[in-house]
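The values are calculated or read from the model by the stated rules, or taken from the named source; none is laboratory data. Being a predicted model, the structure only gives us computed values, none of them experimental. Please note: Cβ atoms are built from the backbone with ideal geometry, for glycine as well, and neighbour counts cover all protein chains shown.
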Amino acid sequence: MENSAILRQWFDRVDSDKTGSITAPQLKSALAVGNLDFPLSIVQQMIRMYDFDKNGTMSFGEFVALTRFLIKAQQAFAELERDRGYLVHDEVYKALVKLGFTLDMPAFYTVCESFDQDKTGKFQLDDFISLCIFLQSARNLFNSFDTAKQGRVTLDLNQFIYCSKCGNQDLSDSLSLCENYIPSSLEIEHFV
């Protein structure tokens with residue numbers, strides 16, 4: 001899928017302060033070089049998604065995991081975009097299915113509405129990747145509450161409030177809030 005030596009070279013160039021990890025601003029700059037221009041909030045969400053040691057930065061191993069995810073998303077996009085530079089809703093749905101996301105239509109259209117900023121129904125690569133980042137983060141969050149792996153969760157009021165869309169926040173901001181409230185496995189058992 002990717003050449004480890006090339007990824008290591010890229011990582012080392014991005015890690016300009018030679019700490020062995022990269023920050024969100026460093027990752028944002030590196031992605032922009034590859035024509036992937038994301039808001040800092042999305043880049044921070046990318047880091048949270050693969051920040052296995054929860055230190056707020058990205059180690060080389062975490063960077064490799066993120067790169068694999070981004071390559072898969074780019075490939076799913078490229079297979080369907082037909083040299084137009086964008087996907088329409090039915091193509092977005094097909095690409096998401098290829099990536100393992102199975103959403104019912106109401107959930108799919110709700111999330112598309114949130115990520116279709118200009119309301120044209122056209123998703124460019126960075127829009128599509130932002131949508132995928134949100135869905136993967138949502139899946140990770142859901143799985144942390146679904147300790148029995150049954151595809152259903154029970155939340156107490158506090159958990160629901162933290163996981164709900166609050167006020168004027170967009171979906172990714174709400175998810176970020178909720179990620180900060182994931183209790184340990186023992187605490188989840190007490191809530192359910």
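Side notes on the structure shown:
- Residues (at pLDDT 90 or above, closer than 22 Å to F38 by Cβ and not in a helix (DSSP H, G or I)) located in the stretch 104-130: T120, G121, K122, F123, Q124
- Positions within the stretch 87-130 being among the small types (G, A, S) and farther than 23 Å from F142 by Cβ, in sequence order: G121
- Within the stretch 89-103, the set of residues being surrounded by 15 or more Cβ atoms within 10 Å (Cβ to Cβ) and either under 13 Å from the mean Cα position of the chain (by Cα) or part of a loop (DSSP other than H, G, I, E, B) (or both) comprises L96, L99, F101, L103.
- Boolean, T67 is in contact (Cβ under 8 Å) with a residue 40 or more places away in the chain and at negative phi: yes
- When residues of the stretch 26-55 are limited to those that are more than 16 Å from the chain's Cα centre (by Cα) and surrounded by 15 or more Cβ atoms within 10 Å (Cβ to Cβ), the one farthest from D127 (Cα to Cα): Q26
- Candidate set from the stretch 126-148 (those that are polar (S, T, N, Q) and touching a Phe, Trp or Tyr at 6+ places or on another chain (Cβ under 9 Å)); member that is surrounded by the fewest Cβ atoms within 10 Å (Cβ to Cβ): Q136
- Summed over the stretch 17-37, residues that are modelled with pLDDT of 90 or more and not in a helix (DSSP H, G or I) total 7.
- Scanning the stretch 150-157 finds no residues that are within 30 Å of W10 (Cα to Cα) and assigned to a helix (DSSP H, G or I).
- Filter result (among the charged types (D, E, K, R), at pLDDT below 95 and more than 13 Å from the chain's Cα centre (by Cα)) within the stretch 63-85: E81, R82, D83, R84
- Qualifying residue in the stretch 4-25 (condition: closer than 18 Å to D127 by Cα and among the basic types (K, R)): no
- Meets criteria (at pLDDT below 95 and not in a loop (DSSP other than H, G, I, E, B)) for A5: yes
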